[in-house]
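Input: a single structure, listed below in structure tokens.
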Amino acid sequence: MIAAIRGTQDILPGTIERWQFVEATACRVFEQYGYAEIRTPIIEREELFAKGTGETTDIVQKEMYAFTDKDGERIALRPEATPSLVRAFVEHSLEQAMAVPKIYTLGPMFRRERPQKGRYRQFHQLDVEVFGVKDPSVDGEVIDLAWTLIRELGITGVELAVNSVGCPVCRPSFAAALVAALGEDVQTLCGDCQRRAVANPLRIFDCKVPADQRVIDALPHTIDYLCDECRTHFEAVRRYLDVFGIPYTLSHRLVRGLDYYTRTTFEVLAGQIGAQNAVLGGGRYDGLVKQLGGPDRVGIGFAAGVERLVLALPDTLALPEKRPAVFIAAIGEPAREAALTLLRDLRRAGVNAQVEYEGRSLKSQMKRADRLKAPLVFILGEDELARGEVSVRRMATSSQESVPLSGAVEFVKTSQ
Ligand code: AMP
């Protein structure tokens, strides 16, 4: 047998219903907030993520699946959606095409991480982005959207963390303060942190090595180094959250693992799903559109992990069971033809109806109906056919009655 690749999973009946619920709920909520769906390719030029996600990020340096195509071009499987959505925004001038460029997408992403519960190499994200709005009220809207999504999914026990990582004006002084505060201690940190201290000191906050945490916890906080504009912006965002009644904590370590964030960053953590507890994360990326060759437009968005949302759904979530409304059992060839015609009519009328394909004994057909949990079984034999009727068995009570064949579709529809 050829098994699925490590870190990938098949989503099977029994679980897929929860995925469908998450995806349908997300699409409904996003559309209600005025976001329009777009879909972009899974493969992109590698440089889109090198430039977009950032050369110094773990995603690009260690986790991205990239290869040289037959024509020599470097291709990557997308590790996240934002750079692709920015590319599409610029490439199709969505600013002109859409009244407000508010877009969302959903689909698989790929990162070569160490697989564990809630962390996969192929995983799925729901992603929303807004372009061109500087006003902090849009930060409020995007966080409110994330919060509404969590609420509509019935997920409880979550915590919203927010922070501001400043902008290109104030970040250099913060990076310098970090390096100064680290001083000699940098030599005690892991190899990754030593490299980060030189290439991109903010990334040190991404470190998960337990021995490094004492030093990292004592480092300065971004919000103490914000320029006036960033501070005013962040104060307004916090005010909106208060006005919207969204509880949050301030998390100074929340710099997020990507290079493009400016100002607002946020994350939703779900307590009960294990070590990989970030269900959703996002923030503002005011320089990214320009950096990727587009006009000077700001942006903000978030990505939620579908696997983790599914894990965080309440156990009590009752999704409607999928089962046929009626099963048709036929005895003998003429009855079988009538049964298949009735099956077609039921399906055209929008009813979930099933039959036994192999046309076996009535007993085995009834067994199949039972396994499918059909509440009604139509039985069609020679006698029924001669009378122009079907016998109806209600499986819950084993009671039986007759209805005219011509009224059979209506009968199922009114019994549903
Ligand atoms: P990021 O794009 O890293 O900001 O991640 C956004 C969200 O995607 C996270 O909060 C997770 O819910 C989800 N996510 C990221 N990486 C993975 C992964 N390897 N496996 C499953 N979910 C992931």
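The values are calculated or read from the model by the stated rules, or taken from the named source; none is laboratory data. Model, not experiment: these values are computed from the prediction. So basically every Cβ, Gly included, is an ideal-geometry build from the backbone, and we count neighbours across all protein chains shown. The accessibility values were calculated without ligands, DNA or RNA, using every heavy atom of the protein model including side chains. Shrake-Rupley method; radii C 1.70, N 1.55, O 1.52, S 1.80 Å.
What to note about this one:
- Elements of type helices (runs of 4 or more DSSP H) in the range 277-387, at least 1 residues being closer than 30 Å to F21 by Cα and either without any contact (Cβ under 8 Å) to a residue 60 or more places away in the chain or open to solvent by 60 Å² or more (accessible area, probe 1.4 Å) (or both): 306-312, 333-348, 362-371
- From K62, K70, residue being assigned to a helix (DSSP H, G or I) and more than 23 Å from V142 (Cα to Cα): K62
- Failed item in (1) in a helix (DSSP H, G or I); (2) among the small types (G, A, S); (3) without any contact (Cβ under 8 Å) to a residue 60 or more places away in the chain, with A26 passing the rest: (3)
- Selected residue (criterion: farthest from the ligand (Cβ to nearest atom)) from residues of the range 74-98 that are under 13 Å from A303 (Cα atoms) and of a type in the set (A, V, I, L, M): L85
- Picking from residues in the range 22-50 that are within 14 Å of the ligand (Cβ to nearest atom) and not β-branched (V, I, T), the one that is surrounded by the fewest Cβ atoms within 10 Å (Cβ to Cβ) is A26.
- A single entry from T57, T53 fulfils the requirement of being at pLDDT below 95 and either in contact with a Phe, Trp or Tyr (Cβ under 8 Å, 6 or more places away or on another chain) or open to solvent by 60 Å² or more (accessible area, probe 1.4 Å) (or both): T53.
- Meets criteria (touching a Pro at 6+ places or on another chain (Cβ under 6 Å), touching a residue at least 12 places away in the same chain (Cβ under 8 Å) and not basic (K, R)) for I59: yes
- Long-range neighbours under 6 Å by Cβ, at least six apart or interchain, first residue of a type in the set (V, I, T) within the range 165-185, second surrounded by fewer than 18 Cβ atoms within 10 Å (Cβ to Cβ): V169/C227
- Residues in the range 264-276 that are more than 13 Å from G118 (Cβ to Cβ) and either outside any strand (DSSP E or B) or open to solvent by 30 Å² or more (accessible area, probe 1.4 Å) (or both): 1 in all.
- Selection from the range 130-147 of residues that are surrounded by fewer than 22 Cβ atoms within 10 Å (Cβ to Cβ) and within 17 Å of the chain's Cα centre (by Cα): D144, W147
- Some residue of the range 278-288 being within 16 Å of the ligand (Cβ to nearest atom), in contact with a helix residue (DSSP H, G or I) (Cβ under 8 Å, 6 or more places away or on another chain) and among the charged types (D, E, K, R): yes
- Boolean, G257 is open to solvent by less than 40 Å² (accessible area, probe 1.4 Å), modelled with pLDDT under 95 and near the ligand (Cβ under 10 Å from one of its atoms): yes
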